[in-house]
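Here's the structure, in structure tokens; my notes come after.
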Amino acid sequence: MSELAFRDVRVAYGRGRRAQLAVDGVDLTVRTGTTHGLVGESGSGKSTLARAAVGMATVSAGTITLDGADLMRRAPARRRVQMVFQDPLAALDPRMPVGLSVAEGLLATGQRLTRADREARVRALLERVHVDPGRAGELPASFSGGQRQRITIARALAADPAVLVADEITSALDVSVQGVVLNLLRELQDELALTMLFISHNLAVVRYVSDEVSVMRAGRIVEHGPTGTVLAAPTDDYTSELLRSVPVMGRPLDLEDDLEDAVDA
Ligand SMILES: Nc1ncnc2c1ncn2[C@@H]1O[C@H](COP(=O)(O)OP(=O)(O)OP(=O)(O)O)[C@@H](O)[C@H]1O
Ligand SMILES: [Mg+2]
């Protein structure tokens, strides 16, 4: 079980009369073993909600729970929610061999591993994301953007998370490379029954990986349901508008072809 639940969550930036609610009473449940897509225009509060889940933004009201345990009160539970960010270059220490970055993720589990065990785990994690483990000693600069993003995913997986929060993790990548990362997520969904909150402004990408989708606007969830239902027949005007503003939505099958081509290449 690994259900991430937001209940009436509010997050404010600034204080007193200047306080602005970036997240304004959000209810959202990421069910065990499913991927929940979160879409919405720029500034609608998606990243703020994600940051709240990993303790990087202070929740001013409401609760965030993992299998019922309050994430704000129980620090050990917080490690069980791992976040992957948009820019892998910023997320990795440029002077640290990538294998060590992945090993840092292992440290978060609090397990004491021998050096040999740790190295074996790092190798397995790099293989898991299709990065050559023989390159564990190299620095981030010698990898491509897509490889770097897969390394940050390996680091997040190293912490043995119950839930992965992915905030625009393909937005900074070329379309061809996006496909590789998205297909990796699909593999992880199948093999690890991954539970994931997947944030993206690209609705075609969200459609490709999400079971359910929530649409956010001005800090609130304005629509929610199974991905197919919400994207095929939006009941909210704002969602329709959002769909219209993304031209790629007219050709979702092409995207799937692009993704397949990218993986075959
Ligand atoms: N550190 C901060 N300090 C003050 N205000 C902030 C901060 N971070 C975000 N905000 C404000 O909170 C609101 C929500 O921002 P957030 O980054 O969560 O949106 P988003 O949906 O992730 O947008 P995008 O699609 O551009 O990533 C915006 O009005 C933004 O200006
Ligand atoms: Mg954001």
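Observations
- The set of residues from the stretch 67-91 being outside any helix (DSSP H, G or I) and within 16 Å of the chain's Cα centre (by Cα) comprises Arg79, Arg80, Val81, Gln82, Met83, Val84, Phe85, Gln86, Asp87.
- Under the condition of being assigned to a loop (DSSP other than H, G, I, E, B) and charged (D, E, K, R), the residues counted in the stretch 117-167 number 3.
- Pairs where the first residue, in the stretch 4-28, is open to solvent by 10 Å² or more (accessible area, probe 1.4 Å) and the second is in a loop (DSSP other than H, G, I, E, B) and at pLDDT 95 or above, C-beta under 6 Å, 6+ apart: Leu21/Gly219; Ala22/Gly45; Ala22/Gly219; Asp24/Gly219
- The stretch 187-205, subset within 16 Å of ligand 2 (Cβ to nearest atom) and outside any strand (DSSP E or B), residue surrounded by the most Cβ atoms within 10 Å (Cβ to Cβ): Val205
- Top-ranked residue in the stretch 224-265 [being in contact with a Leu (Cβ under 8 Å, 6 or more places away or on another chain) and at pLDDT below 85; ranked as least open to solvent (accessible area, probe 1.4 Å)]: Leu259
- Of all the numbered requirements in (1) crowded, with 16+ Cβ neighbours inside 10 Å; (2) at positive phi, Pro88 misses one, and that requirement is (2).
- Residue check for Leu113: open to solvent by less than 80 Å² (accessible area, probe 1.4 Å) and over 21 Å from the mean Cα position of the chain (by Cα): yes
Let's see how each residue does on (1) assigned by TED's automatic domain parsing to the domain that holds Thr109; (2) within 16 Å of ligand 1 (Cβ to nearest atom); (3) in contact with a helix residue (DSSP H, G or I) (Cβ under 8 Å, 6 or more places away or on another chain):
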{"position": "Gln189", "(1), (2), (3)": "no, no, yes"}
{"position": "Val209", "(1), (2), (3)": "no, no, yes"}
{"position": "Ile221", "(1), (2), (3)": "no, yes, no"}
{"position": "Pro234", "(1), (2), (3)": "no, no, yes"}
{"position": "Ser240", "(1), (2), (3)": "no, no, no"}
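- In the stretch 41-60 there is at least one residue that is more than 16 Å from ligand 2 (Cβ to nearest atom), open to solvent by 30 Å² or more (accessible area, probe 1.4 Å), assigned to a loop (DSSP other than H, G, I, E, B) and under 12 Å from Val11 (Cα atoms).
The values are calculated or read from the model by the stated rules, or taken from the named source; none is laboratory data. Note that the structure is a prediction, hence the values are computed from the model and not measured. Backbone-built Cβ (ideal geometry, glycine too); neighbour counts: all protein chains shown. Side chains included, ligands, DNA and RNA excluded: accessible areas come from the protein's heavy atoms. Shrake-Rupley method; radii C 1.70, N 1.55, O 1.52, S 1.80 Å.
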